[in-house]
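None of the figures in this text is laboratory data; all of them are computed from the coordinates on show. None of the values given here were measured: they were computed from a predicted structure. Cβ atoms come from the backbone with ideal geometry, glycine included; neighbour counts cover every protein chain shown.
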Amino acid sequence: MLARWRKKIARLPVRGWARPRHQKARQPPGPCENATMLPNIVLIGFMGCGKSSVGRRLAALTGHRFIDSDEMVAQSEGCSIAEIFALGGEEEFRNAEEKVLAGLVGVAGVVLATGGGAILREPNRAAMKSIGAVAWLDADPDSLFERASRSHRRPLLQTKDPRKTFDHLLALRREIYEATADFRVDSTGLGHDQVAQTILDRTMRHRAGSAPGQ
Ligand code: S3P
């Protein structure tokens, strides 16, 4: 369906595009040489929890490659997340997101930041669990909302009462984050570096705890 819009979209101004059209799409992630010691780390959590910023630091700490599923969706569809929502609605976005996550199963040596609603679909939850250790990045609702509303690019918060929408979605999703995650990290009041280090420690502990024979 999105293919039909690409022609229309191609005539839109470049500003706001996920990738300038002269740039090549990034190659899909492949195996990474130092991936054997540490599992992949998958970051889940609500909008504004800092998955991308923390994920980049975690990638620097571990030597893993950083991947953002929203960026991959934008690249695969050839337009920004906001444009996908505007043109195809949430359903189209979720379909594209599901394809991207399914395509990452089997990848090694990555830190993967997922979109806040990726946990809503069961195949995505299964994909995340098979990709690596799943870390739920959480914070108190006021901090989350303050960070999430700094960017006006989040289509789901473009409502008359963004805080009400935010609280509603958070209430619906908290249990799903909890059920999907191997562990939760509360980032309230912490800097991104501290959060990244905490996730790394928890990942190692999780890995030791889930290793066969332990
Ligand atoms: C969404 C969160 C966004 C993005 C899309 C939908 C959600 O990602 O995937 O706008 O449903 O919560 P971030 O969590 O990175 O903002």
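On a C-alpha basis, how far is the centre of the stretch 153-214 from the centre of the stretch 89-107 in Å? Whole number, if you could?
Centre-to-centre (Cα) distance: 19 Å.
For the stretch 75-91, take each phi angle, set θ = phi - 60°, evaluate the Karplus expression 6.51 cos²θ - 1.76 cosθ + 1.60, and give the result in whole Hz per residue in order, putting x for glycine and proline.
Calculated HN-Hα couplings, in order: 5, 5, 8, x, 8, 6, 4, 4, 5, 4, 4, 5, 8, x, x, 4, 4 Hz.
Between Arg121 and Arg207, 0.36 nm times their residue separation minus their Cα-Cα distance comes to what? List each step's numbers first, then the result.
Numbers: separation 86, 0.36 × 86 = 30.96 nm, distance 2.51 nm.
Length gained between Arg121 and Arg207: 28.4 nm.
How would you rank Ser80, Ser130, going from fewest to most other Cβ atoms within 10 Å of each one's own Cβ? Display every interim value, and only then the final one.
On the way: Ser80 20, Ser130 14.
The most exposed by this proxy come first: Ser130, Ser80.
Provide, for q = 0.18, 0.24 Å⁻¹, the log10 of I(q)/I(0) from a solvent-free Debye sum over equal Cα point scatterers in the stretch 57-133.
The calculated log intensity ratios at q = 0.18, 0.24 Å⁻¹ are -0.71, -1.12.
Would you kindly derive the ³J(HN,Hα) couplings of the stretch 139-152 from the backbone phi angles with the Karplus curve 6.51 cos²θ - 1.76 cosθ + 1.60 (θ = phi - 60°), listing them in order in whole Hz, with x for Gly and Pro?
6, 5, x, 5, 5, 4, 5, 4, 6, 5, 8, 5, 9, 9
What are the ³J(HN,Hα) values, in whole Hz, obtained from phi via the Karplus relation 6.51 cos²θ - 1.76 cosθ + 1.60 with θ = phi - 60°, for each residue of the stretch 178-184 in sequence order, with x given for Gly and Pro?
Result, ordered by residue: 4, 6, 8, 7, 7, 7, 10 Hz.
How many percent of Cα pairs in the stretch 33-203 exceed 28 Å?
Tail of P(r) above 28 Å: 16 percent of Cα pairs.
Over the stretch 33-203, calculate the relative contact order: mean separation of alpha carbon pairs under 8 Å at least 6 apart, over the residue count, as a percent. Before the final figure, lay out each step's value.
Values: 266 pairs, mean separation 59.0, N = 171.
Worked out over the stretch 33-203, it gives 34 percent.
Give me the distance in nm between label points sitting 7 Å out from Cα along the Cα-to-Cβ direction at Leu156 and Glu178, one decimal.
Between Leu156 and Glu178, the simple spin-label model gives 1.8 nm.
Check Phe66: other-chain or 5+ apart residues with amide H under 5 Å from its amide H, H built from backbone geometry?
Amide H neighbours of Phe66, under 5 Å, 5+ apart: Val111.
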